Amino acid sequence: MFRFFAVDATSIVVQNRLCFQAMKHTNEASLGFGTYDFIAPPKSLIRAVGKAIGDYQLIRAGDRILLGLSGGKDSLSLLHILRHFQRHAPVRFEFAAVTIDPQSGAFDPSPLIPYMEKLGVPYFYVREPIMNLAETHMDNNSYCAFCSRMKRGLMYKTAREQGYNVLALAQHLDDLAESFLMSAFHGGKLKTMKAHYQIDAGDLRVIRPLVQVRERQTADFAKTAQLPVIMENCPACFDMPTQRQHMKALLAAEEASNSNLFKSLATAMQPLIRDGLNNTFE
């Protein structure tokens with residue numbers, strides 16, 4: 001059963017467990033861009049993301065980019081960074097955001113709805129009881145792996161239904177380094193997350209504009225800009241130790257005596273980070 005509500009420029013459609021909140025996209029040149037101003041990121045973030053955009057050809061003319069917005073410091077930082085490049089980059093592109101609400105009592109991203117409305121960003125809010133589904137469908141996988149696959153599938157679905165050809169994710173250099181060590185230590189493979197690739201179905205590209213950004217940079221920006229960070233954006237992982245947390249601690253201990261650690265890791269991981277880039281031109 002469908003219920004449709006029209007409230008000013010906002011339309012909400014609710015169908016069973018799925019809820020889309022689509023904010024009307026206004027012409028910012030004539031109307032302004034929402035009642036909240038976007039916050040200019042620091043130059044260090046702009047340089048790092050700008051370099052990644054150039055190095056990995058992340059954004060192309062006419063792209064319609066859908067940002068995966070969890071409410072964490074990284075995705076909120078990327079929201080403001082994308083807006084900066086939309087205003088200042090020579091390449092014209094559109095962007096919107098999508099939030100997947102796993103309907104967990106420990107995690108409520110709904111405060112993002114009024115925030116995004118005030119910014120005037122086209123926005124899709126999808127509710128799915130992922131935590132409940134994990135209890136019956138998880139098999140031998142971790143909660144994090146199951147939740148990640150479910151969220152990714154819902155983001156792909158939203159992008160296709162709403163006409164976006166690129167999904168932007170907010171993993172940073174620290175995430176890539178942790179994944180690299182996890183894969184080597186526990187999987188016996190040299191593997192990490194890619195900066196830019198085309199998914200197997202061939203209809204969407206995935207980009208990670210923060211691959212040259214350190215986690216502390218997004219943390220500093222979120223704090224200074226007072227972004228509305230949703231703290232527990234992966235509730236299951238807060239309840240149980242994970243391999244990623246262990247790798248994070250290991251890297252922090254090593255960096256304490258080796259200030260060039262992440263620079264070295266970034267160089268070592270380049271072939272893995274660039275993997276799949278050539279296929280994005282097909």
Notebook entry, point to check: Which residues, counting only those in the stretch 46-70, are closer than 25 Å to Glu161 by Cα and either modelled with pLDDT under 95 or part of a helix (DSSP H, G or I) (or both)?
Noted result: Ser70
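A quick yes/no check of all residues on (1) in a strand (DSSP E or B); (2) modelled with pLDDT under 70; (3) surrounded by 21 or more Cβ atoms within 10 Å (Cβ to Cβ):
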| residue | (1), (2), (3) |
| --- | --- |
| Val98 | yes, no, yes |
| Ser110 | no, no, no |
| Glu117 | no, no, no |
| Val121 | no, no, yes |
| Phe124 | yes, no, yes |
| Met131 | no, no, no |
| Asn141 | no, yes, no |
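With respect to Leu251, is the statement that it is outside any loop (DSSP other than H, G, I, E, B) and in contact with a strand residue (DSSP E or B) (Cβ under 6 Å, 6 or more places away or on another chain) true?
Details: outside any loop (DSSP other than H, G, I, E, B): yes; in contact with a strand residue (DSSP E or B) (Cβ under 6 Å, 6 or more places away or on another chain): no.
For Leu251, the condition - outside any loop (DSSP other than H, G, I, E, B) and in contact with a strand residue (DSSP E or B) (Cβ under 6 Å, 6 or more places away or on another chain) - is not met.
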Next item on the list: Being assigned to a helix (DSSP H, G or I) and in contact (Cβ under 8 Å) with a residue 60 or more places away in the chain is the filter; apply it to the stretch 194-219 and report the residue that is surrounded by the most Cβ atoms within 10 Å (Cβ to Cβ).
Entry: Thr218
Check: Of the residues Pro241, Pro271, which is modelled with pLDDT of 95 or more and over 18 Å from Ile81 (Cα atoms)?
Finding: Pro271
Notebook entry, point to check: Just checking, how many residues over the stretch 156-180 are out of contact with any Lys or Arg (no Cβ under 8 Å at 6 or more places or on another chain) and surrounded by fewer than 20 Cβ atoms within 10 Å (Cβ to Cβ)?
Noted result: 5
Check: Taking only pairs six or more apart or across chains, which ones have beta-carbon atoms under 9 Å, a first residue in the stretch 90-106 that is among the polar types (S, T, N, Q), and a second residue that is assigned to a strand (DSSP E or B)?
Finding: Thr99/Gln21; Thr99/Gly68; Thr99/Tyr123; Thr99/Phe124; Thr99/Tyr125; Thr99/Val126; Gln103/Arg127
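The values are calculated or read from the model by the stated rules, or taken from the named source; none is laboratory data. Predicted model only: the values in this text are computed from it and were never measured. Quick reminder, even Gly has a Cβ in these numbers, built from the backbone with ideal geometry, and neighbours come from all protein chains shown.
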